[in-house]
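Reviewing the structure listed below.
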Amino acid sequence: MDIQRLKGFRDLLPDETPLWQRIEAAAREVFGRYGFEEVRLPLLEETALFCRSIGEATDIVEKEMYTFLDTGGTSVTLRPEGTASAVRSYLENGLHHSETKARHYYLGPMFRRERPQKGRLRQFHQIGAECFGWAEPWADADVLCLLWDLFAALGLSERVRLEVNSLGCADDRRGYVARLREHLTPRQEALCENCRRRLQSNPLRVLDCKSAHCRAATQDAPSLEGSLCGDCAAHFDLVRSHLTAQGLPFAVNHRMVRGLDYYNRTTFELLSGDLGAQNAVAAGGRYDGLVETLGGPPVPALGFALGVERLALLLGTQAAPRAHPDAYLVHRGTGALEAALLLRRGLARAGVRTEVDYEERSFKAQLRSANRSGARLALLLGEDEVAAETVAVKDLAEGTQETVGWDRAASRVAELLASPPTPSAGRDPHPGAPHVQSEKSEGST
RNA sequence: GUGAGUGUAGCUCAAUGGCAGAGCACCGGACUGUGGCUCCGGUGGUUGCGGGUUCGACUCCCGUCACUCACCCCA
């Protein structure tokens, strides 16, 4: 096989898809409870959409996008994130005229050409929510409650921490950036090479540099919160007090800034210590100016996105077992396979999951497979049964067996499946023998 | 884009420079139609790829590719 998957792209196999289905189901459920409706948006957009929204000077736009000319000569880009498309769709479909307020969610793949590492792929998946038309701090807090409830629904509330910050409005940031530059310029010798560059291009990012020297240099820098105007400060106060009233545990992190240009006021991240270097599992914030930037009216908005791969990493591969059949059809002799397939169809239509061998393996091998499959029942079909149009229904948990006619098989199987197996029953000739073979070592450390 | 680590059977891993192995999985048999245990047997390899050193390379050297983690960046 000389063709393999591209770097940073993954195959999701049946040992993981149940976990993803569980995540998606939980998201749909919780989003629905908060009044969010699903939208399905294109993976490919005009390149200009991302340049304008994410920011020309960001790494994403500068060097990480999958951009190419389509045969019509248009520059198109595989979406690196979801918010830009969500806003475009809100505007293009005239929702700002008809409904004005809207709560949308989406899920699907995003593409960034980065060097892969733990929790970072070139095709990765996000579940995102965007909320248009509300400027009030209650909306910020409500969205955070939704996010928190989603993680709680997945049993993760103990393993993540919520950090919030406020970036203020554009005027606040302009003033703050000037003061921050003033503070850092005399200390730029202490900054890492990267941050010395950032001091010119984007001084805010010096705040969340990991280097100890840079952290020290910003230790007693003026705080962003101190630079907020009255309205922004009041907004942030109300968000925090409402989060407290709702009982959400959170910490204010004054160093948290955004990689994307469109955020203002409230920003937040959901972080975990179990994810390696890529420790953010969800992040978002308010972006009141973006709708206008993309050619619409000034519509306030906010949203977030969470990384599905990172969420799956937190939940672990053991969290959702693969489905197993209810019954395994074992056949032997002429006509038995065809009879088994007829029974299988009838059982499938009655809602019973079955498994069957298409090839003629030994009786013993089939029965062994039946056991390993996790099926509760084995349905045995030999030449005698075929001649009599019956099937031997063996309860693998109880060790009991009975013979029923084909016409009654589906209803009898359904009955047996409905009755829970008696805990102490079952034929186990070798007590103490492991029932599960080769326990997989528990996920990553 | 930069750095480090790792590449041997489907999986997990062995093998002082000297015959490429084990466990698990898979298939079969013991037990011609009744399962998890046991025993026996079997299938399965271009040791990532290409060069070099050597009588001889899985092992040492160079290159290359892939994966992993980290930097960077970000969800």
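Please treat every number below as a calculation from the coordinates, not as lab data. Since the structure is predicted, the reported quantities are computational estimates derived from the model, not experimental observations. Cβ: placed from backbone, ideal geometry, glycine included. Neighbour counts: every protein chain shown.
Of the residues A:232, A:145, the one with the fewest other Cβ atoms within 10 Å heads the list, and the complete ranking is A:145, A:232. Within the set of other residues whose C-beta is less than 10 Å from the C-beta of residue A:164, count the net charge using Lys and Arg as +1 and Asp and Glu as -1. Residues close to residue A:164 contribute a combined charge of -2.
Other residues with beta-carbon under 9 Å from the beta-carbon of residue A:44 carry, at +1 per Lys or Arg and -1 per Asp or Glu, a net charge of -2.
Adding -39500 (n - 2.57) for every DSSP H run of four residues or longer, then dividing by how many residues chain A holds, sets the calculated 222 nm ellipticity at -11000 deg cm²/dmol. Extension gain for residue A:213-residue A:359 works out to 45.8 nm (0.36 nm per residue, less the C-alpha to C-alpha distance).
Computed FRET efficiency, Cβ-Cβ of residue A:178 and residue A:56, R0 25 Å: what is it to the nearest 0.05? Efficiency, from the Cβ-Cβ distance: 0.70. Cα gyration tensor of region A:1-100, axes a ≥ b ≥ c as square roots of the eigenvalues: rounded (a/c below 1.5), prolate (a/b > b/c) or oblate? Since a/c reaches 1.5 but b/c is at least a/b, the shape of region A:1-100 is classed as oblate. In plain terms, the C-alpha convex hull of region A:247-379 casts an average shadow of 15.6 nm² when viewed from every direction. Computed from label points 7 Å out along Cα-Cβ, the spacing between residue A:293 and residue A:223 is 2.7 nm. Computed as a quarter of the hull surface, the mean projected area of the alpha carbon convex hull for chain A stands at 29.8 nm². Note on region A:225-296: Cα Rg divided by 2.2 N^0.38 Å, N the number of residues, gives 1.26.
The peptide list A:234-240, A:96-102, put in order of mean Cβ contacts within 10 Å with the highest first, becomes A:234-240, A:96-102. Calculated FRET efficiency, residue A:92 to residue A:11, Cβ-Cβ distance, R0 = 25 Å: about 0.15 to the nearest 0.05. What relative contact order, as a whole-number percentage, does chain A give when Cα pairs under 8 Å and 6 or more residues apart are counted? After rounding, I find 15 percent. Of the peptides A:322-331, A:22-31, the ranking by mean beta-carbon count within 10 Å, highest at the top, reads A:322-331, A:22-31.
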